[in-house]
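The values are calculated or read from the model by the stated rules, or taken from the named source; none is laboratory data. Keep in mind it's a predicted model, so treat the numbers as computed, not measured. Here the Cβ positions follow ideal geometry from the backbone for every residue, glycine too, while neighbour counts run over all protein chains shown. Just the protein is used for accessible areas: all its heavy atoms, side chains included, with ligands, DNA and RNA removed. Shrake-Rupley method; radii C 1.70, N 1.55, O 1.52, S 1.80 Å.
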Amino acid sequence: MQKDIAQKIGVSVRTFQQYEQGLLEPNIERLILLSKIFNVTVDFLICREEYLSEVGAAESETNLPEYPNV
């Protein structure tokens, strides 16, 4: 299975194993591919607990603090 997934996202099996072990982090393009393969959100893959545990996650995303233009 590791070999198949590694091939689908364009990395070596060793690199994929390093993702699993937390030694390397995939780039955003590979995170998106992995989310599609496993049918989960990118937020789930990056363990964004506040997103997973909030009932109104979509609301919290739109209520970000405002920052002055730089």
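Inspect all residues belonging to region 49-59 and state whether any of them is at pLDDT 85 or above and open to solvent by 100 Å² or more (accessible area, probe 1.4 Å). No - not one qualifying residue is present in region 49-59.
Sub-6 Å Cβ pairs linking a first residue in region 12-27 that is surrounded by 15 or more Cβ atoms within 10 Å (Cβ to Cβ) to a second residue that is of a type in the set (A, V, I, L, M), at least 6 apart or interchain, are Phe16/Ala6; Gln18/Leu24, ordered by first then second residue. Among the conditions (1) more than 10 Å from the chain's Cα centre (by Cα); (2) at pLDDT 65 or above; (3) part of a helix (DSSP H, G or I), Val11 misses just one, which is (3).
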